[in-house]
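J.: Have a look at this one before I ask anything.
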C-alpha cells in the first residue's frame, strides 16, 4: 500500500513538505519484529565480546552528515543530463528535500550551500524553515571555477592564483561575501575548492601560482570570524589536466599552515590518484591537527562521484578505522565537517543520498567494533595475521540492525529506501513541482 506524504505547514508563504510521523510508524510496524530479533541477537553477541552496545548506538546517533545543496538534482555527463523530474528549483525546495532525508534517516541534519547558486532571498524565512525541519547550515562553499553573471573579471586562467591582481581581488571578495552569507545563516565554516591550474607545460610558473594562492587565502582568512574554520580542498587533476595548483594533501596542508590555526585540509575521497592510501593521509592529518572535513563519494577510475561505498566499501571502512582512532587519540584535531559530494546520473538523487548515508553509518559502525587496544598489542608484537583478523572480523559483522536501532530510536524509518518508495515521495514531488524544474548547480 502506498501513502502520499503530507502535513503541509506554511512559513511566511513558504510551503514545506514534511513526512507524517504516523506514516513512518506504520511502515516500521511491518518490519519491527524482524528488527528486534536481529538487534537482540547482534547486541547479545557484541556484549559477550565486551562491547558497550548502548555507547555504540549513541555514537552512531550523533553522526550527522551534511547534504550538499547541489546534489539534490540529477547530475550529468559531458554528453547530457537526464532529469528525474520534481527537482528542487530553489533553495526552499532544496531544504524540503533535505527534510525528507532527515525524516527518513535521522542522519542528514545539515545542509551545505554553494554560493552563488543558493543565496537566500529572505534569510529569516530560510532560517525558520530550516529550524522547522531540524536542519543546520554546515559549511558554505565558494565558486570561482565558473564566471558568474555580471562579473567584471574572468576565471578562465585561474582565480586565487591568477597573474592578474584584479582577478585575484574579485575571487577574494567573493569568498568574503560567502563568509558573510554563511554567518547570517549560522554556518561556521568556509570550503574552498579551486579549478586553478594549467593545461599545458610552460603555461604557468608553478611557484608564482602557488604563492599567489597562498597570499589570496591569507586575505580570505583575515575575514574569518573567530569561531569559523576554513577548509582547503585539493585535487590532482581535472579540469586542468597538466597541473592543478592545490594538487594533493601536502599542498593543501602547506597552504593551511600558511594561513593559521583556523585553516584545515579537506579530503574528498574522489580527489586522489588511483590506489592512493587515503586512510594514511587521514591519519597523518589528524596527528598534525589539520584534518578539517570530508566529502564522501566513491570511484572506480577517478573523480566519479558515485554512491558512497558502492565500489570500495572496505577502503571506506579502513578510513573510518583511522578516524575512530584519531577522534579518540588526537584531541588537537577539531570536530570534523562531514558531507556527501556525489553526482546522480542514473539514480533518483534522494535514493542515492539515502544509500550513501547508510554506507557512511555502516562503515563507522564497523570501525567502532574494532578493539583498538587489542589491535595495538598485535601491532607492537608485529603479529600481522592477528591485525588482519581483528580488522576483518569487525568488517564482516552485519551491523544493519544497529543502524536500524539508531533510526528507530530517533523517529526514522527502519528501511529508508522502502519507506521512500512506499510513501510515493518522488511522484509527490513531481506533482508539486512538475517535470520541468531543474536544480541549480552542476
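J.: Given 10 Å bins starting at zero, what is the percent of C-alpha pairs of the stretch 175-231 in each, up to the one with the largest pair distance?
T.: 21, 43, 23, 11, 1
J.: Still on this structure, I have one more. What's the extension gain from residue 242 to residue 164 if we count 0.36 nm per residue and subtract their Cα-Cα distance?
T.: 26.0 nm
J.: How many times 2.2 N^0.38 Å is the alpha carbon radius of gyration of the stretch 98-207? Don't jump to the answer; show the numbers that get you there.
T.: Details: Rg = 17.0 Å, N = 110, 2.2 N^0.38 = 13.1 Å.
Expressed relative to 2.2 N^0.38 Å, the Cα Rg reads 1.30.
J.: Work out, step by step, the length gained on full extension between residue 36 and residue 203: first 0.36 nm times the residue separation, then minus their alpha carbon distance; give nm to one decimal.
T.: Working: separation 167, 0.36 × 167 = 60.12 nm, distance 6.29 nm.
Computed gain between residue 36 and residue 203 is 53.8 nm.
J.: Still on this structure: Report the relative contact order of the stretch 212-371, percent, no decimals, based on alpha-carbon pairs under 8 angstrom and at least 6 residues apart. Don't skip to the end; give the middle numbers.
T.: Details: 257 pairs, mean separation 31.4, N = 160.
Once normalised by length, the contact order is 20 percent.
J.: In what sequence, highest mean first, do 289-295, 33-39 appear when ranked by Cβ atoms within 10 angstrom?
T.: Values: 289-295: 23.1, 33-39: 14.1.
Going by the mean number of other Cβ atoms within 10 Å, highest first, we get 289-295, 33-39.
J.: If you don't mind, another one. How large is the helix-only mean residue ellipticity at 222 nm for the chain, computed as the sum of -39500 (n - 2.57) over DSSP H runs with n ≥ 4, divided by its residue count, in deg cm²/dmol to the nearest 500? Let's see the in-between values first.
T.: Numbers: 15 runs with 206 residues, N = 442.
So the helix-based figure for the chain works out to -15000 deg cm²/dmol.
J.: Right, something else. Once fully extended, how much extra length lies between residue 384 and residue 124, figured as 0.36 nm per residue of separation less the alpha-carbon to alpha-carbon distance?
T.: Working: separation 260, 0.36 × 260 = 93.60 nm, distance 5.68 nm.
Contour length minus Cα-Cα distance gives 87.9 nm.
J.: Same structure again: Given an 8 Å cut-off on Cα distances and at least 6 residues of separation, report the relative contact order of the chain as a percent. Write out the running numbers ahead of the final one.
T.: Details: 812 pairs, mean separation 97.7, N = 442.
That works out to 22 percent.
J.: Scaled to the compact-protein estimate 2.2 N^0.38 Å, what is the alpha-carbon radius of gyration of the chain, rounded to two decimal places? The partial results should precede the final answer.
T.: Numbers: Rg = 22.2 Å, N = 442, 2.2 N^0.38 = 22.3 Å.
Against the compact-globule rule of thumb, the ratio is 1.00.
J.: With no solvent and one point per C-alpha, what does the Debye sum give as log10 I(q)/I(0) for the stretch 20-138 at q = 0.18, 0.19 Å⁻¹?
T.: -1.01, -1.06
J.: Let me ask something additional. Once the cut-off is 25 Å, how many percent of the Cα-Cα pairs in the stretch 279-407 end up in the long-distance tail?
T.: Working: 2423 of 8256 pairs.
Roughly 29 percent, once rounded to a whole number.
J.: OK, next. Which ordering of 395, 364, 420, 242 is given by a fewest-first count of other beta-carbon atoms within 10 Å?
T.: Final ranking by Cβ density, sparse to dense: 242, 395, 420, 364.
J.: Hey, fewest Cβ within 10 Å first, where do 222, 339 land in order? Mind showing how you got there, number by number?
T.: Working: 222 11, 339 26.
Arranged by neighbour count, lowest to highest, 222, 339 become 222, 339.
J.: Would you mind computing Rg(Cα) / (2.2 N^0.38 Å) for the stretch 340-442, counting N as its residues? Working shown, then result.
T.: Details: Rg = 19.6 Å, N = 103, 2.2 N^0.38 = 12.8 Å.
For the stretch 340-442, the normalised Cα radius of gyration comes out at 1.53.
Only the coordinates and a few stated rules stand behind these numbers; no lab work does. Note that this is a predicted model, so its numbers are computed, not measured. Quick reminder, even Gly has a Cβ in these numbers, built from the backbone with ideal geometry, and neighbours come from all protein chains shown.
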